[in-house]
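Worksheet for the structure shown next.
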Amino acid sequence: MLRACYTCSPLCRSRPSHSTVQCMTSYILGSGPDTRVVFGGILEVIVAVAGIGTAVALYPVLKRQNQGATLGLVGSRVLEAAGILAGVACLPSIVSLRQAGAGDRSAGRQSRLVPRVLPWLAFIGASLLLASWIGVLLGLWEQRSTVSALAALPVALFEFSLALRLSKEWL
């Protein structure tokens, strides 16, 4: 049964190559080569392309039976491939974090690249912006109104402050 799940289910197939990063919480803190993760990412891209390829190859044959269901199959395989590729897109950042030594907690505390107030500003601003969008959807006010502009102000302030702070670090 397990073998059938592994060979038939794309979700089960895509799991092993990410197991190094997903299941080992000490991956970023550890040492050693990153070849397994990079090779696993390449294999995941192949799985994604193969999944779309099988659906497209089966489309002419299956559309004779039920064209709507066949389009659903193709759409679901494309969506599955997009999910796999989204997971693969995260792998280079995790590998670069490991190589940069981001897991060193003492260095992370001492660097203070971002002041503590900025994340709070971002959380508060995102909450206000979400409330503003809900108000627009419910018809309480227009999208281009004073309320929407005031709700977007903390997020804009956060974005500007973060860009300014990070540009100082690079200069």
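No other residue among 38, 74 is modelled with pLDDT of 90 or more and in contact with a helix residue (DSSP H, G or I) (Cβ under 9 Å, 6 or more places away or on another chain) apart from 74.
Quickly run through region 24-45 and pick out the residues that are part of a helix (DSSP H, G or I) and either surrounded by 14 or more Cβ atoms within 10 Å (Cβ to Cβ) or of a type in the set (A, V, I, L, M) (or both). Lay out the reasoning, then the answer.
Of all residues in region 24-45, those part of a helix (DSSP H, G or I) come to 35-45.
Matches in region 24-45: 37, 38, 40, 41, 42, 43, 44, 45.
The values are calculated or read from the model by the stated rules, or taken from the named source; none is laboratory data. Quick caveat, the model's predicted, so the values are computed rather than measured. Using ideal geometry, Cβ is built from the backbone for each residue, glycine included, and neighbour counts are taken over all protein chains shown.
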